[in-house]
Amino acid sequence: MSAFEIPPLQIDPGSLPPPLQTSDPRSFARETFETRVPLIIQDALAVNAFPTEIRAALEDLHAEITSGVIRALRETTPDRTFWDRAFRPHAGRTWFDVPWFWAEAFFYRRLLEATGYFGPGPWRGVDPFEKKKREELQPHAAPQLMEKTLCSLPADRCDRFQFLVHASLWGNRIDLSYPQVSEMGRTAGLRGETANVLVDDSRQVWDYLDSHRCRRVMILADNAGTELLTDLALSDFLLTEGCATQVTLQLKPQPFFVSDAMPSDVDAALTALTPGSQTARCLAHRIREHLTAARLRVRTHWLFTTNLFYFQLPDDLRKEIAASDFVIAKGDANYRRLLGDAHWPPTSDFHRVTAYFPAPFVTLRTLKSELIVGLRPGEAERLAAQDPKWLINGRRAVVQARCERGPFLNS
């Protein structure tokens, strides 16, 4: 199969509940396109010195989202055929009448078309969210949070692993596409809050990694800045403590969800640590050594900036994941990819729902969308009574693991 093709499903589509839709008037999906997405466009206009034609294209996109009909891509690019096929079922609809995950993925692709990211001009390859990402790397932001974390590491290996897992978990709050949660993450920091971890399989993951002496660990990363720094610290622990001989960090090949991490964000994150304390400088030095020795690899794949789910893996990525001894899936979008962004009952069995995934894995996710599985009977109702926005306000989190291989490893 060549790049940018829609692979066949690796599950029975009839086994999936209905998808989350922007057409639900009381949903967070609807709120995203009524409020959050228009603000993302306005913010991109405010922080970039775009020429008149790009500003006009973004304003047209804004008008289309708020009151128009979705149009297909117009530029000729390698992914055009993929997006034309993905667009076809939704032709003639508005942004308020489509599956939420598809809508978000296509919005970010359309935004890059509007800003000339793939064009021949001076804005080719320019990240429209670059300024916001770099602001998050100022000394008072991500580096400061990271230094506090590094200076608090426990001595015991198991405790240190769980500490770093939880730092990586809470780092996921700092998502620049969702400013309210991001600000809460900066204020709360990267420690504690164990009462807000609804499912915590971190000890189970440690027992698995410590006993199996994994060769290859893959991290499906999410945000740049603070979260990427915590992912790098966790990678360093896995390598220096002998829990893995190689860690692969899967990043985005192009801008996506505002602050999603790209390869260029790794160097920016390490550079931000350099003026810090000796502990921070030593971490940055070790990470650079891991990269030079290929113990830590940075990779991208086109799937990660599309609307495809993990039961639609193209052969090359499926084989790479299956060759991993363990996978760490970060953040809300990866959780949505695992579950098909569908209306699963909260008590659905996490292991059964994700049985197709071709490697042992854990997902580290702060809750920023209206789906979850693996809860005890009555728990979702109790949380809803306490906090009506518990699924979307980023206060709660899960560390959910399946420490056995899926059925597709050798297929």
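Scanning region 38-66 for residues being among the hydroxyl-bearing types (S, T, Y) and either surrounded by 15 or more Cβ atoms within 10 Å (Cβ to Cβ) or in contact with a strand residue (DSSP E or B) (Cβ under 6 Å, 6 or more places away or on another chain) (or both) gives a total of 1. Taking region 14-44 as the range and being part of a helix (DSSP H, G or I), of a type outside the set (S, T, N, Q) and over 24 Å from the mean Cα position of the chain (by Cα) as the test, only G14 passes.
One line per residue, one yes/no per condition, for (1) at pLDDT 95 or above; (2) within 26 Å of G394 (Cα to Cα):
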| site | (1), (2) |
| --- | --- |
| P7 | no, no |
| Q10 | no, no |
| G14 | no, no |
| P17 | yes, yes |
| F33 | yes, yes |
| L45 | yes, no |
| E53 | yes, no |
| H90 | yes, no |
| E104 | yes, yes |
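Name the residue that is nearest to V197 (Cα to Cα), counting only residues in region 357-411 that are aromatic (F, W, Y) and modelled with pLDDT of 95 or more. My answer is W390. Restricting attention to region 1-18, which residues are surrounded by fewer than 17 Cβ atoms within 10 Å (Cβ to Cβ) and under 18 Å from G340 (Cβ atoms)? Selection gives I6, P7, P8, L9, I11, D12, P13, G14, S15, P17, P18.
Select from region 233-259 the residues that are under 19 Å from T149 (Cα atoms), free of Cβ contacts under 8 Å to residues at least 60 places away in the same chain and among the hydrophobic types (A, V, I, L, M, F, W, C) and write down the one among them that is surrounded by the most Cβ atoms within 10 Å (Cβ to Cβ). Checked region 233-259; the qualifying residue surrounded by the most Cβ atoms within 10 Å (Cβ to Cβ) is L238.
Going by the conditions given, is D127 of a type outside the set (G, A, S) and closer than 30 Å to S27 by Cβ? So D127 fits the description; yes. Tallying residues that are free of Cβ contacts under 8 Å to residues at least 24 places away in the same chain and assigned to a helix (DSSP H, G or I) within region 369-382 yields 2. For region 187-306, the helices (runs of 4 or more DSSP H) that sit wholly inside it and include 3 or more residues that are at pLDDT below 95 are 202-212, 278-292. Checked against the criteria, F163 does not count as within 23 Å of the chain's Cα centre (by Cα), outside the structural domain of Q204 (by TED's automatic domain parsing) and not in a loop (DSSP other than H, G, I, E, B). Filtered by the rule that a residue be crowded, with 20+ Cβ neighbours inside 10 Å and in contact with a Leu (Cβ under 9 Å, 6 or more places away or on another chain), region 321-332 gives I321, D325, F326, V327, I328, A329, K330, G331, D332. You will find that of D387, D349, the residue that is over 22 Å from P19 (Cβ atoms), surrounded by fewer than 22 Cβ atoms within 10 Å (Cβ to Cβ) and of a type in the set (D, E, K, R) is D387 and no other.
Suppose we filter S211, S177, S202 for residues that are without any contact (Cβ under 8 Å) to a residue 40 or more places away in the chain and not assigned by TED's automatic domain parsing to the domain that holds P38; which single one remains? On inspection, the qualifying residue turns out to be S211.
Scanning region 390-402 for residues that are under 30 Å from S211 (Cα atoms) and either touching a His at 6+ places or on another chain (Cβ under 9 Å) or surrounded by 22 or more Cβ atoms within 10 Å (Cβ to Cβ) (or both) returns A397, V398, V399, Q400, A401, R402. Hey, among the residues in region 260-284 that are among the charged types (D, E, K, R) and closer than 24 Å to V327 by Cα, which one's surrounded by the most Cβ atoms within 10 Å (Cβ to Cβ)? That would be D260. Out of the residues in region 149-165 that are touching a Ser or Thr at 6+ places or on another chain (Cβ under 9 Å) and in contact (Cβ under 8 Å) with a residue 40 or more places away in the chain, which is farthest from V398 (Cα to Cα)? Going through the qualifying residues, I end up with C151.
Scanning region 89-138 for residues that are among the basic types (K, R) and over 17 Å from L176 (Cα atoms) returns R93, R109, R110, R124. Among the residues of region 134-147, those that are assigned to a helix (DSSP H, G or I) and more than 16 Å from R173 (Cβ to Cβ) comprise R134, E135, P143, E147. Among the candidates Y335, Y310, the residue that is buried (at least 21 other Cβ atoms within 10 Å of the Cβ), under 14 Å from the mean Cα position of the chain (by Cα) and either of a type in the set (A, V, I, L, M) or farther than 20 Å from I174 by Cβ (or both) is uniquely Y310. Within region 67-120, the set of residues being in a strand (DSSP E or B) and either surrounded by fewer than 20 Cβ atoms within 10 Å (Cβ to Cβ) or out of contact with any strand residue (DSSP E or B) (no Cβ under 8 Å at 6 or more places or on another chain) (or both) comprises V69, T94.
The values are calculated or read from the model by the stated rules, or taken from the named source; none is laboratory data. All figures in this text were calculated on a predicted structure; none of them were measured in a lab. Glycine gets a Cβ as well: all are built from the backbone with ideal geometry, and neighbour counts include every protein chain shown.
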